[in-house]
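Trainee: This is the structure, below, for whatever I ask next.
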Amino acid sequence: MIEKTVAIIGDKWSLLIIGQLAFGKSPSRFNELMRELSPISSRTLSIKLAKLSENKIVEKTIEGNSPPYTQYALTAKGIDLVGAFRAMGEWSKKWQSPR
């Protein structure tokens, strides 16, 4: 079962996007995410956000009329991942050797 989860969120940028939306400003606009996740490319961010939206982890909302803008936020499914992130952080603190 864990293979399916890793296939969805197991890459560096997906984890960082979810982390930013969970622990940073949410909802966030595309350019805000670009700035916070630098040096991510706009193409990579677009692809990762589309994949996370497709898997219902991130919700994309288009607001405003002229010009419209897009915001991204975690869905309930995405918020449910926060506990797993915290557990991973605790594991890392416990077992990572100081550099």
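Every read-out reported here was derived from the displayed coordinates using simple, explicitly stated rules and does not represent laboratory data. Bear in mind that the values here come from a model prediction, so they are computed numbers and not experimental data. Cβ coordinates were reconstructed from backbone atoms using ideal geometry, including for glycine residues, and neighbour counts include every protein chain displayed.
Trainee: Given charges of +1 on the Cβ of Lys and Arg and -1 on the Cβ of Asp and Glu, with all other atoms neutral, how large is the dipole of the chain about its Cα centre, in debye to the nearest 20?
Mentor: Details: 15 positive and 9 negative charges, 54 e Å.
Charge dipole of the chain: 260 debye, to the nearest 20.
Trainee: How do ARG86, ARG43 rank when sorted from fewest to most other Cβ atoms within 10 Å of their own Cβ?
Mentor: Fewest-to-most ranking of ARG86, ARG43: ARG43, ARG86.
Trainee: Right, next: Taking Cα centroids, how far is segment 39-99 from segment 14-33 in Å?
Mentor: Result: 5 Å between the Cα centres.
Trainee: Lysine pairs, Cα distance under 23 Å, 8 or more residues apart or cross-chain: how many in the chain?
Mentor: Going through the chain pair by pair, I get 26.
Trainee: What translational diffusion coefficient, to the nearest whole µm²/s, does segment 55-99 have by Stokes-Einstein, given a Kirkwood radius computed over alpha-carbon pairs, a temperature of 37 °C and 0.692 mPa s viscosity?
Mentor: So the translational diffusion coefficient is about 251 µm²/s.
Trainee: Over all Cα pairs of the chain, how is the pair count split among 5 Å bins, expressed in % and running from 0 up to the last occupied bin?
Mentor: 2, 12, 23, 24, 18, 11, 6, 2, 1, 1, 0
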